[in-house]
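Chemist: I'd like to ask some things about the structure below.
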Ligand SMILES: Cc1ncc(COP(=O)(O)O)c(C=O)c1O
């Protein structure tokens with residue numbers, strides 16, 4: 001029997017959808033995912049609606065776009081739309097969680113030294129209310145042992161809040177084990193998946209986490225201004241965020257200032273009007289990711305990560321990465337005595353990377369090819 005179905009496109013063929021590659025080698029997706037033609041087209045669609053219909057577009061098209069995005073983010077993490085709250089950034093999603101917990105009997109929040117600091121700041125800001133932030137240190141600046149996290153958690157702990165993938169090393173944490181540690185001690189687990197969702201398949205149900213946040217900026221290809229918070233459904237009704245707004249109200253168009261009746265689903269963790277331009281950009285980015293599929297993206301990014309590490313080692317560099325390939329993701333830290341100078345030198349050759357203390361951070365994605373690595377390493381190590 002012959003099939004008339006077209007052969008599936010190779011993942012590399014999606015590179016043509018990202019115009020930046022016409023003039024640059026883009027290797028900085030963990031700072032900001034590249035803009036796709038599809039994301040731009042969806043933004044143009046939003047601008048056309050704004051121009052032609054004004055506010056009339058709210059009640060049918062734009063409202064539907066918000067639902068479409070909750071569903072899309074839900075598919076990314078394996079949850080229904082009702083378990084997803086939209087936020088403009090991770091810090092704002094963390095605020096909704098931070099303002100929904102009761103710290104009277106459990107004043108401790110456990111984070112790690114490798115997490116993005118906006119996590120710790122959320123709870124350091126509550127020191128005046130008696131909240132104690134415990135920072136679990138990393139022995140190698142790459143990973144944090146689960147045993148060290150377990151030792152930090154006790155019956156005074158409200159929450160473990162840590163990363164799925166560390167922005168500083170690319171190491172993947174065992175989020176399921178972290179959730180188990182939290183639950184054994186009666187605490188909750190929040191996972192910041194900003195550096196994971198998109199490049200790593202995520203299934204919040206299998207992980208058993210209570211909260212999971214991520215957003216468009218990096219691996220989800222949606223740009224700035226759009227993020228989300230997953231809340232496990234068994235918790236939703238028992239939490240009443242003190243940081244709130246009219247989008248959390250079950251009947252927001254009654255405009256009733258006398259009573260705050262929160263949504264029964266995760267929208268009770270939302271606050272105000274979501275930014276529509278980023279919502280549209282994100283819908284375009286998600287379409288590409290879903291077309292390729294998370295397993296294929298992970299396969300491709302693992303292959304690229306190993307190639308980049310090999311290429312760097314062959315040139316005499318010693319990349320700072322997790323020892324085991326299964327724990328690595330597409331964030332590779334190359335030691336440098338002057339990372340800003342090196343990033344500038346690469347930029348002069350139209351190679352886009354980023355500087356972090358003591359390192360040049362290189363992050364390929366499915367749209368990269370092995371030759372991008374060779375060009376970057378050759379430029380970086382040239383006298
Ligand atoms: C893991 C992680 N969490 C959070 C953030 C920042 O969060 P926000 O969206 O609040 O700027 C970053 C970097 O941008 C990050 O890498």
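Chemist: Quick check: convex hull of the Cα atoms in the chain, volume per residue, rounded to a whole Å³?
Modeler: 174
Chemist: For the stretch 252-383, calculate the relative contact order in percent as a whole number, restricting contacts to Cα pairs under 8 Å that are 6 or more residues apart.
Modeler: RCO, the stretch 252-383: 21 percent.
Chemist: Here's another thing I want to ask about it. What is the packing order of peptides 112-123, 193-204, taking the mean over residues of other C-beta atoms within 10 Å and listing the highest first?
Modeler: Going from most to least packed, we get 193-204, 112-123.
Chemist: If the viscosity is 0.692 mPa s and the temperature 37 °C, what Stokes-Einstein diffusion coefficient in µm²/s follows for the stretch 9-159 when Rh is the Kirkwood radius over Cα pairs?
Modeler: Here the translational diffusion coefficient equals 167 µm²/s.
Chemist: Ok, one more. Once you place label points 7 Å from the Cα toward the Cβ at residue 67 and residue 340, how far apart are they in nm?
Modeler: The modelled label-to-label distance comes out at 5.0 nm.
Chemist: Could you order peptides 45-56, 17-28, 358-369 by the average number of other Cβ atoms within 10 Å of their residues, highest first?
Modeler: 358-369, 17-28, 45-56
Chemist: Can you work out the base-10 log of I(q)/I(0) for the stretch 285-383 at q = 0.16, 0.19, 0.23, 0.24 1/Å, using the Debye formula on its C-alpha atoms alone?
Modeler: Here the Debye-derived log intensity ratios amount to -0.67, -0.91, -1.21, -1.29.
Chemist: Now, a different point. Which whole-number value in Å³ per residue fits the convex hull of the alpha carbons of the stretch 245-343?
Modeler: 210
Chemist: While we're looking at this one, here's another question. May I ask you to derive the FRET efficiency for residue 258 and residue 59 from their Cβ-Cβ distance with R0 = 30 Å, giving the value to the nearest 0.05?
Modeler: 0.75
Chemist: Quick one: compute a quarter of the convex hull surface over the Cα atoms of the stretch 241-284 and quote it in nm².
Modeler: Convex hull of Cα atoms, orientation-averaged projection: 3.7 nm².
Chemist: Taking the chain as a Gaussian network, Cα atoms linked when under 10 Å apart, which of 354, 372, 337 shows the biggest mean-square fluctuation?
Modeler: Between 354, 372, 337, it is 337 that shows the largest mean-square fluctuation.
Chemist: Please report the relative contact order for the chain, taking Cα pairs under 8 Å with a sequence separation of at least 6, and give it as a percent rounded to a whole number.
Modeler: Averaging sequence separation for qualifying contacts and normalising by length gives 22 percent for the chain.
Chemist: Where both residues lie in the chain, what percent of DSSP beta bridges are antiparallel, nearest 5?
Modeler: The antiparallel proportion sits near 50 percent.
Chemist: Want the number for residue 251 to residue 371: 0.36 nm per residue separation, take away the alpha-carbon distance, what's left?
Modeler: 37.8 nm
Chemist: Turning to a different aspect of this structure: Compute the distance from the alpha-carbon center of the stretch 84-144 to that of the stretch 252-282, in whole Å.
Modeler: 24
Chemist: Continuing with the same structure: Would you kindly calculate the translational diffusion coefficient of the stretch 169-235, applying Stokes-Einstein with the Kirkwood radius from alpha carbon pairs, for 25 °C and a viscosity of 0.890 mPa s, and quote it in µm² s⁻¹ without decimals?
Modeler: 197
Chemist: Just to verify a number: FRET efficiency for residue 154 and residue 325, C-beta to C-beta distance, R0 = 41 Å, to 0.05?
Modeler: 0.75
Chemist: Taking the simple approach of a point 7 Å from Cα along Cα-to-Cβ for both residue 287 and residue 306, what is their distance in nm?
Modeler: Placing both labels 7 Å beyond Cα along the Cβ direction yields 3.4 nm.
Chemist: How large are Rg and Dmax for the stretch 105-177 when calculated on the C-alpha trace, in angstrom?
Modeler: 11.9, 35
Chemist: Using mean Cβ contacts within 10 Å as the protection proxy, how do 281-294, 214-227 order, highest first?
Modeler: 214-227, 281-294
Chemist: Another one. Of all alpha-carbon pairs in the stretch 134-293, indicate the percentage at a distance above 20 angstrom.
Modeler: 59
Chemist: Here's something else I'd like to know. Run the numbers on the stretch 193-336 and let me know its relative contact order in percent, using alpha-carbon pairs under 8 Å that are six or more apart.
Modeler: 22
Chemist: I need the per residue convex hull volume for the stretch 203-284, using only the alpha carbons, in cubic angstrom as a whole number.
Modeler: It comes to 108 Å³ per residue, whole-number rounded.
Chemist: Once you have the alpha carbon radius of gyration of the stretch 260-300, what is it after dividing by 2.2 N^0.38 Å, with N set to its residue count?
Modeler: 1.71
Chemist: Between 247, 211, 269, where does the largest GNM mean-square fluctuation fall for the chain, given springs only between Cα atoms within less than 10 Å?
Modeler: Residue with maximal mean-square fluctuation among 247, 211, 269: 247.
Chemist: Relative to the compact-globule scaling 2.2 N^0.38 Å, provide the ratio for the alpha-carbon radius of gyration of the stretch 55-127.
Modeler: 1.45
Chemist: Computed FRET efficiency, Cβ-Cβ of residue 22 and residue 224, R0 22 Å: what is it to the nearest 0.05?
Modeler: My answer for the efficiency is 0.50.
Each value in this text was obtained by applying a stated rule to the coordinates, not by laboratory testing. None of these values were measured; they are calculated from a predicted model. Counting neighbours? That spans all protein chains shown, and the Cβs are built from the backbone with ideal geometry, glycine included.
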